[in-house]
Structure formats: C-alpha cells, structure tokens
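No value in this document is a laboratory result; all are computed from the given coordinates. Quick caveat, the model's predicted, so the values are computed rather than measured. Cβ sites come from the backbone with ideal geometry, for glycine too, and all protein chains shown count toward neighbours.
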Amino acid sequence: MALPIYASTTQRVWHYSYLTICGLIFFFLIAPILVIIPLSFNAQNFFTFTPEMLRFDPAGYSLKHYNDFFTNSDWQLAMKNSLKIAPVATLISVSLGTLAAIGLSQSHVPGRRAIMATLISPMIVPLIISATGMYFFYSNPYIPIPFYGKLYLPFTLTGEYWGVVLAHAALGIPFVIITVTATLVGFDKSLTRASAMMGAGPVRTFFRVQMPLIMPGVISGALFAFITSFDEVVVVLFVGSAQNKTLPWQMFIGLREQISPTILAAATILITVSVILLLVVELLRRRSERLRGMSPG
C-alpha cells in the first residue's frame, strides 16, 4: 500500500522500516530454497558451488542428479510409495474433515469449541509426540473397551501401508477442517432451508447446494493435506517400514547414510510441486472470495 502524499516523516520512516524488516524476513525464509535449486544442477558430486558454477561455465552444470533420481530403483520406489500413500490419505482427510467442518459449523452442536480444538490438535502437538503415540497405538493388537476389557485384533498397523495412510490422514484432517470452516463463514444457510422446502433430502442438498459453494475450501484443504502427506517424514519413520518408505524418508536416509547429491534434485522437485499447489490454493482462495462477494470480480 502506497503512502499518502501528506504522510509525516515519522510515518514514512516507519513504513520503509516495516518494508525492510519484511524483506529481510522473507529473504531469511527463502534463501535456503534459492541455494538448493542451482546446486541440484551441479555437475560434480558436491554440496557446494564449484568454480565452474560460479563462473557460469556450462561445463559446471548437469542433469546427472535428476537422471539418477529417475533411474535409481531406491528413489523410484520411494516416489512410487509417496504417490500411492498421499492421494489415499488426502481422500480420507477430505471426506472426514469436510463432514466434521460442516457439523461443527452448526450452532446447536454441544461443546463444538472443545471438539474443534481436539480435531486440530495434530497441527499444534509436535510431530515427534504424535508419531510416538501412533506407534504405540498401532503396536498394541487390542482396543480397550469400557466395562468389557480388551478386544484383541488379529493384526497390527505398524509397518503396514494402511497404517501410514491413516497416520497421514490424521495429520491432514486439521487442514481440511480449517479451510472448509473458513469457507462456511460466509455460507448462506437459507439456501439449505430453501432446498429442504423444495423437497430435497439432506444428502441431495449437500451435493447440489452446499458442496458447489464450499468446493474452493474443500480443494484447498485437499491440497494442504496432500502436501502434508507427501512431505512428512517423522511419522512414517515410526509407523512405516522399508517396503513403504516414502520420498522424504529416502531423502533422510540419503543424508544419514550415503550423502548423495541426488537429494538436491529430489528437494527441487518437491519444492516445485509445493509451489504449484500453493499457487492453486491462492487462486482457489480468490475464487472463493469472489463467490461470496468479499472481493471484486
């Protein structure tokens, strides 16, 4: 926002100081990404800029790390597992999170603030605590039932595909709840009453009236849930196994055991995917505001 021509000297100093501080913070956050991307094209197996790269010599740049990423069996297995886990976890997160947000948007629901705080707690609790809790929960082959005892299960979820999917879904649900709840703030509830008066049932009203209007929030939540699942490493280290290791897990192994510069290529690919998804989220946010009349078309 530009300063008015009648702004005082103090206001101008504060304005430009504020912009400078924001610029420094932005640079501090974005600098690691700006370093990783050019290093991923290093022709040598180094994590530093070579003299050829600093001279912008074409011989100092190469796609060898990207070629290794797309041809190495370990990296491809990790990528395949991530693409198998993230979409399913996102689908579960969107289904449960959307229903929870709609239910908690009703004013007559008792204790909805406490329920909301509980559902979004995975965003607040440190991941190491959530991962530890999930590990012990998955490892116990029984479910405690009040006044009954223990119901023993014939299986455990530790190290299994569905264990990782459900863990990632639990981490993604809070993002869906928050985005859908924000969309429901401007929702006109008289539309659902009008639909009921016209003879439509709850299910038809949801899919024909509510869902089209809250769809931007649902898609935004789905993208956040997908990014969370695709980039998560702490929980999968606890509840996953070598057969279902994900791309972040493979990157973690690469840093600890083999120090492969292919990690830089994988990180660049993840950064590109995340930026694209965040741009889509921003476009959906603006579309949602236009639909609700909060911004000009």
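Expressed per residue, the C-alpha convex hull volume of region 173-291 stands at 118 Å³.
Assuming 0.36 nm per residue, please report the length gained on full extension of the stretch residue 11 to residue 241 beyond their Cα-Cα distance.
On the way: separation 230, 0.36 × 230 = 82.80 nm, distance 5.78 nm.
My answer for the length gained is 77.0 nm.
Charges only on Cβ, +1 for Lys and Arg, -1 for Asp and Glu: so what's the dipole of region 73-291 about the Cα centre, in debye to the nearest 20?
Dipole size: approximately 700 debye.
A Förster radius of 30 Å, combined with the Cβ-Cβ distance separating residue 73 from residue 27, puts the computed FRET efficiency at roughly 0.20. Computed over the Cα atoms of region 1-151, pair by distinct pair, the Kirkwood hydrodynamic radius stands at 22.6 angstrom. Working from Cα pairs under 8 Å separated by at least six residues, relative contact order for the chain is 26 percent. The modelled label-to-label distance between residue 132 and residue 20, using points 7 Å beyond Cα along the C-beta direction, is 4.5 nm. Here 285, 256, 208 are placed in order of increasing Cβ neighbour count within 10 Å, fewest first, which gives 256, 208, 285.
Between amide H atoms placed 1.01 Å from N, distances below 5 Å from residue 42 occur with 62, all of them 5 or more places distant or on a separate chain. With q set to 0.12 Å⁻¹, the log10 of I(q)/I(0) for the chain, from the Debye formula over equal scatterers at the Cα positions, is -1.00. Here the Gaussian network model covers the chain, with springs between Cα atoms less than 10 Å apart; of 196, 86, 170, 196 fluctuates the most.
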